[in-house]
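Report on one structure; see the data block that follows.
The values are calculated or read from the model by the stated rules, or taken from the named source; none is laboratory data. Every value quoted in this text rests on a predicted model; they were computed, and no experiment measured them. Here the Cβ positions follow ideal geometry from the backbone for every residue, glycine too, while neighbour counts run over all protein chains shown. For the accessible areas, the whole protein counts, side chains as well, though only heavy atoms, and no ligand, DNA or RNA atoms are used. Shrake-Rupley method; radii C 1.70, N 1.55, O 1.52, S 1.80 Å.
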Amino acid sequence: MTSRWAEKGSKPKVMSKPGKESIAYSGYLIPETGELIVTKPGWFNYETVIESFRGFLSAVPAEDGKMYCMVLDNAPWHKKAIRLIWEEELPKYQDIRDKMTYISMPPYSPDLNLIEQVWIITRREMTHNRYFPSRIALEEKLDAYYSKYRKPNAKLASLYSFKCFRDEQVPVPV
């Protein structure tokens, strides 16, 4: 929820440019620390998803013997990447399989995906009801915002506070 001053009885107007220009961001959140790794693929398709996986693994290498578990929604580009990497087990994607596995989200459940919560926070704090004179100005603002969360931080780590996301055993009611 956001608020702003406006004359009583009037609706505030926010300037906007005509058209539907957008910037594509892909993100990875390390839930325990709140570290956010963001990439700008330019466009979403299975190739940019695979490239993004490799970029993430090079930016934050998994410790020996450990793997990352990616939470992926039902976007068509995620489905194709899953099929090529994990189902068909193509040899050229062995490097990804060695360090990464995945969880597919049920349909219509963005509230369970932590990165979706990051996008909601971003919208609320940075872009909702704000005018940017150019795409470059918007991109610079978002890049600066995301760079604040590249290091461990409490704000994004707090998204991990749901019991269902923690390793500890949650008692089942009888």
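Cross-link partners of Lys66 among aspartates and glutamates, defined as those whose alpha carbon lies under 16 angstrom from its own and excluding same-chain residues fewer than eight positions apart: Glu32, Asp95, Asp98, Asp167.
Just need the relative contact order of the stretch 42-160 here, percent rounded to a whole number, with Cα pairs under 8 Å and 6+ apart.
Numbers: 74 pairs, mean separation 28.0, N = 119.
In percent, rounded to a whole number, it is 24.
Within the stretch 38-71, which residues have the backbone N less than 17 Å from the label spot 7 Å out from Lys151 along Cα→beta-carbon, could you tell me? Backbone N within reach: 38.
What FRET efficiency, computed as 1/(1 + (r/R0)^6) with R0 = 22 Å and r the Cβ-Cβ distance, is obtained for Glu32 and Arg97, rounded to the nearest 0.05?
Details: r = 23 Å, r/R0 = 1.04.
So the FRET efficiency works out to roughly 0.45.
Per residue, the accessible area of the stretch 118-163 comes to 64 Å², computed with a 1.4 Å probe over protein heavy atoms only.
With all protein chains in place and ligands, DNA and RNA left out, the 1.4 Å accessible area ranks Trp77, Trp43, Trp86 as Trp43, Trp77, Trp86, largest first. Measuring r between the beta carbons of Glu87 and Ser109 and using R0 = 30 Å, the FRET efficiency lands at 0.90.
Looking at the stretch 41-132, the trypsin sites (Lys or Arg not before Pro) that sit in a DSSP loop and have at most 10 other Cβ atoms within 10 Å of their own Cβ are Lys66. Using 26 Å as the Cα-Cα cut-off, could you pick out the over-long pairs in Lys99/Lys151; Lys8/Lys148; Lys79/Lys99; Lys40/Lys79? In this structure, Lys8/Lys148 exceed 26 Å between Cα atoms. Site pair Glu7 and Ile23 shows an inter-label distance of 3.4 nm when each label is modelled 7 Å from Cα along Cα→Cβ.
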